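Working notes for the structure below.
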Amino acid sequence: MRRAGLGEGGPQGNYVASGYSVYEEENEHLQEGLKAKVNALKHLSIDIGNEVKYQNKILGEMDSDFDSTGGLLGSTVGRLKLLARGSQSKVFCYMLLFALFVFIVLYWVIKLR
């Protein structure tokens, strides 16, 4: 307390001469700097929260898209299993027709170039 001029032996009420106002000004300056940093952190945390909400919405949409795609793939696999259970001649015929179709399309694409 002696350094600040508030204790024993110092003149009473002479804060300016003792350097008390210098410490007050420094504290106020540091307080303003701290307030600015807290304000910046507040805005940053709000921005992070908004980004998390947006990303969560996107993930929810992707989840529903993946669910619908999974259902489509499941039904396709079921049809393939049904096709595989049939006679082998039908499968061979379907594969032959598909290969013929692919070759015709490739020939047509190459010829048009």
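The values are calculated or read from the model by the stated rules, or taken from the named source; none is laboratory data. The model shown is predicted, which means the values in this text are computed figures rather than measured ones. Ideal geometry is used to build each Cβ from the backbone, glycine not excepted, and the neighbour counts take in all protein chains shown. Heads up: the accessible areas ignore ligands, DNA and RNA and are worked out on the full protein's heavy atoms, side chains in. Shrake-Rupley method; radii C 1.70, N 1.55, O 1.52, S 1.80 Å.
With protein chains left intact and a 1.4 Å probe, residues in the stretch 27-108 average 93 Å² of accessible area per residue. Across the stretch 49-64, rounded Karplus estimates of 3J(HN,Hα) from the backbone phi angles (6.51 cos²θ - 1.76 cosθ + 1.60, θ = phi - 60°) give x, 5, 5, 5, 4, 5, 5, 5, 5, 4, 5, x, 5, 5, 4, 5 Hz, Gly and Pro being marked x. For the stretch 31-63, list residues with backbone N below 12 Å from a point placed 7 Å from the Cα of Thr69 toward its Cβ? It comes to 62-63, nothing else. Within the accessible area of the stretch 72-113, what % is carbon and sulfur when the probe is 1.4 Å and the other protein chains stay in place? Carbon-and-sulfur percentage of accessible area, whole number: 77.
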